[in-house]
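A quick write-up on the structure given underneath.
The values are calculated or read from the model by the stated rules, or taken from the named source; none is laboratory data. Note that the coordinates shown come from a computational prediction; the quantities given were computed from them, not determined experimentally. No Cβ is skipped: glycine too gets one built from the backbone with ideal geometry, and neighbour counts run over all protein chains shown. Note: accessible area is taken over every heavy atom of the protein model, side chains too, but ligands, DNA and RNA are not part of it. Shrake-Rupley method; radii C 1.70, N 1.55, O 1.52, S 1.80 Å.
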Amino acid sequence: PRHVSPVAFWQFGRAARCWSTDCSMAGDDSKQGMESLMWGAVYGGGIIIMLGLYGVIQERIMSEPYGTEFFRASVFLVLCNRLVAIVYALGMILAKREELANKAPLWKYLVIAFSNVAATWCQYEALKYVSFPVQMLGKSFKMMPVMIWSIIISGKKYGFKDWAIALGVTWGVTQFLLTGETKAKHADKGSSVYGLLLLLCFLACDGFTSTFQEKLFKEHKTSKYNQMLYVNSGSAVVSAGSLFASGSALQAMGFCGDHPDFVMHAGTLSAAAVSGQFFIYSLVKDNGALALAATMNLRQVLSILTSYILYSHPISLLQVLGLVLVFAALFYKTYHGYAKPNQKGAKSDTSGAKPQPLGKAGDTKEDAEPVEIEMRQTQMVSASPTRRQP
């Protein structure tokens with residue numbers, strides 16, 4: 001028989017071991033991929049349910065009467081949400097054994113807190129005068145203000161596609177606002193103009209908030225929970241001060257005593273916000289910021305449809321077309337974010353992963369609601385060079 005070299009046997013055995021190892025690794029990767037996909041669906045479903053509940057209760061509190069009374073102290077809801085968010089952030093810091101000390105100067109947290117409270121107050125107040133779908137679309141309208149703020153504050157540059165998407169969203173929102181009914185069900189005729197002005201103030205304040213938060217992350221390397229704790233603490237101080245300075249504290253407490261169902265609604269609102277934060281962080285950690293963007297786009301669509309069904313808002317054909325244009329642009333942005341890394345290689349600095357607010361869809365978080373602010377913070381962290389690509 002022909003002599004076979006021991007070296008050949010060694011090479012054959014090595015190849016067999018490598019093949020076995022590669023097959024095992026491929027099987028493990030496939031299993032991990034399926035597991036990640038399954039948990040991504042769970043987290044995405046949690047976001048849609050919790051934030052959907054948040055939107056429904058928000059509209060119930062601000063636009064529907066309790067008996068014969070309407071709730072008027074919007075800043076009281078801001079305070080409740082911030083207090084619950086503080087408890088959540090503090091618990092996460094202790095659980096993760098992070099430092100409690102502030103990572104950035106306190107005055108910077110206060111700047112964010114003031115703009116955050118102003119934006120959230122405008123958002124709640126707007127629901128007294130415009131319908132929830134209008135408010136929801138108004139958040140998508142903020143793409144242009146955020147891009148402008150980013151150019152002014154951070155010196156960012158945007159490509160043609162970014163401006164085209166922003167223009168498509170802006171056009172769709174404008175068409176929706178100008179071609180049908182926009183006022184809240186119980187608002188006076190003509191009061192929707194005031195509601196739209198409040199939304200414009202919301203866009204300006206929230207665009208500043210998100211841009212300044214991003215700058216804080218980059219300059220001071222703050223963790224999301226550390227920034228969440230201090231921003232919400234500052235917001236709680238500002239909202240509490242506003243509540244007492246305006247004389248609305250006693251009014252809010254009296255309203256709670258007269259309407260126990262309001263207390264239940266306010267508590268559920270805050271609980272839904274915190275639950276939404278948990279699902280948001282989990283989804284971004286396991287599946288990336290782009291998965292969050294797609295989920296938030298879907299959440300917007302479902303929330304608007306739910307509002308139309310529950311509260312019977314009128315809608316025209318041109319408004320429907322405006323909605324289609326808005327969400328087509330948003331979903332295209334998400335698709336483009338996924339496709340670009342595949343075309344040019346997995347890079348951490350892609351336009352699809354930038355923390356640019358798209359209402360609920362790009363930021364990241366991409367808003368002044370506690371959930372949306374923390375979403376934005378999570379996406380900023382996930383856009384760092386160590387982020388695992390989805």
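On the stretch given as the stretch 268-280, residues that are open to solvent by less than 40 Å² (accessible area, probe 1.4 Å) and modelled with pLDDT of 90 or more total 3.
Of the listed requirements (1) open to solvent by less than 50 Å² (accessible area, probe 1.4 Å); (2) closer than 30 Å to Thr174 by Cβ, Leu283 misses just one: (2). The criterion of at least 2 residues that are within 17 Å of the chain's Cα centre (by Cα) and of a type outside the set (A, V, I, L, M, F, W, C) is met, among helices (runs of 4 or more DSSP H) falling completely within the stretch 191-288, by 192-220, 224-245, 260-287. Contact map, the stretch 191-214: residues that are within 17 Å of Val117 (Cα to Cα) and at pLDDT 85 or above paired with residues that are assigned to a helix (DSSP H, G or I) and of a type in the set (Asp, Glu), Cβ distance under 7 Å, separation 6+ or inter-chain. Pairs shown: Leu198/Glu125.
Filtered by the rule that a residue be farther than 17 Å from Phe114 by Cβ and either among the hydroxyl-bearing types (Ser, Thr, Tyr) or open to solvent by 40 Å² or more (accessible area, probe 1.4 Å) (or both), the stretch 215-234 gives Lys218, Glu219, His220, Lys221, Thr222, Ser223, Lys224, Tyr225. Residues of the stretch 93-132 that are farther than 18 Å from Gly241 by Cβ, open to solvent by less than 50 Å² (accessible area, probe 1.4 Å), at pLDDT 85 or above and in a helix (DSSP H, G or I): Ile93, Lys108, Gln123, Ala126. Restricting attention to the stretch 49-56, does a residue exist that is open to solvent by 40 Å² or more (accessible area, probe 1.4 Å) and farther than 27 Å from Ala240 by Cα? Yes, because at least one residue in the stretch 49-56 is open to solvent by 40 Å² or more (accessible area, probe 1.4 Å) and farther than 27 Å from Ala240 by Cα.
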